[in-house]
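Every number in this text was worked out from the coordinates using simple rules, so none of it is lab data. For clarity, every value in this text was computed on a predicted model and none was experimentally measured. Heads up, the Cβs are rebuilt from the backbone with ideal geometry, glycines too, and the neighbour counts pull from every protein chain shown.
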Amino acid sequence: MQQTFRKSFRWVPGLVLGLFCSRLAHEWLHSGGLGVVVSTSLILSLITAVSFRTLSFSQTWPALILLVYILYPEANPGIALTAAAVALIVWGNGRFPIKQRHAHHAAMVAGGIGFILLYIFTLAPDLLPADNGEFQLIA
């Protein structure tokens with residue numbers, strides 16, 4: 001029973017990848033009609049699921065990260081790109097491991113770049129001194 005469940009679960013990452021690709025295609029092409037959307041989603045999902053069936057789940061599980069965008073309620077190319085990038089990074093990390101001596105430097109550089117980008121995108125140039133918590137209490 002458990003072996004059958006494991007074999008059937010190998011198809012799930014392929015289905016997720018097919019749904020992700022079909023959602024992106026329909027959002028970018030603005031294709032109309034429910035029948036077109038359902039049929040192409042079904043076809044793409046089945047093609048990717050069949051192509052993933054020979055691979056083990058340990059090789060294909062990063063495709064499940066794409067569920068973040070599949071379940072996201074609105075079309076947002078930034079989130080689609082982020083989900084795809086995270087899935088590719090996780091998949092690539094498993095296939096091409098970083099050498100131990102470079103891992104520390106890579107983590108420091110990635111963290112530094114991330115914090116700098118966070119600072120730049122959240123910086124508000126029109127803040128006044130009172131907006132920074134310099135309110136005075138009057139009794």
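Under the criterion of Cα pairs below 8 Å and six or more residues apart, the relative contact order for the range 2-122 equals 27 percent.
Give the shape of the range 2-122 as rounded, prolate or oblate, defined through the alpha-carbon gyration tensor: a ≥ b ≥ c are the square roots of its eigenvalues, a/c under 1.5 means rounded, and otherwise the shape is prolate if a/b is larger than b/c and oblate if not. Oblate shape, in that a/c is at least 1.5 and b/c is the bigger or equal ratio.
Exposure proxy ranking for Phe121, Phe57, Phe52, based on other Cβ atoms within 10 angstrom of each Cβ and starting from the fewest, stands as Phe121, Phe57, Phe52. Summarising the label geometry, the points placed 7 Å from Cα in the beta-carbon direction at Val50 and Ala75 lie 2.9 nm from one another.
Using only side-chain charges placed at the Cβ, +1 for Lys and Arg and -1 for Asp and Glu, the dipole size of the range 2-122 relative to its Cα centre rounds to 600 debye.
Simple rule: put +1 on each Lys or Arg Cβ and -1 on each Asp or Glu Cβ in the range 2-122, find the dipole, and look at Leu15, Gly92, Ile43; the Cα lying farthest toward the positive end is Gly92.
For a modelled paramagnetic label at Phe57, 7 Å from Cα along Cα-to-Cβ, the residues of the range 65-87 in reach, with backbone nitrogen under 17 Å, are 65-67. Length gained on full extension, Val109 to Leu88, computed as 0.36 nm times the residue gap minus the Cα-Cα distance: 5.7 nm.
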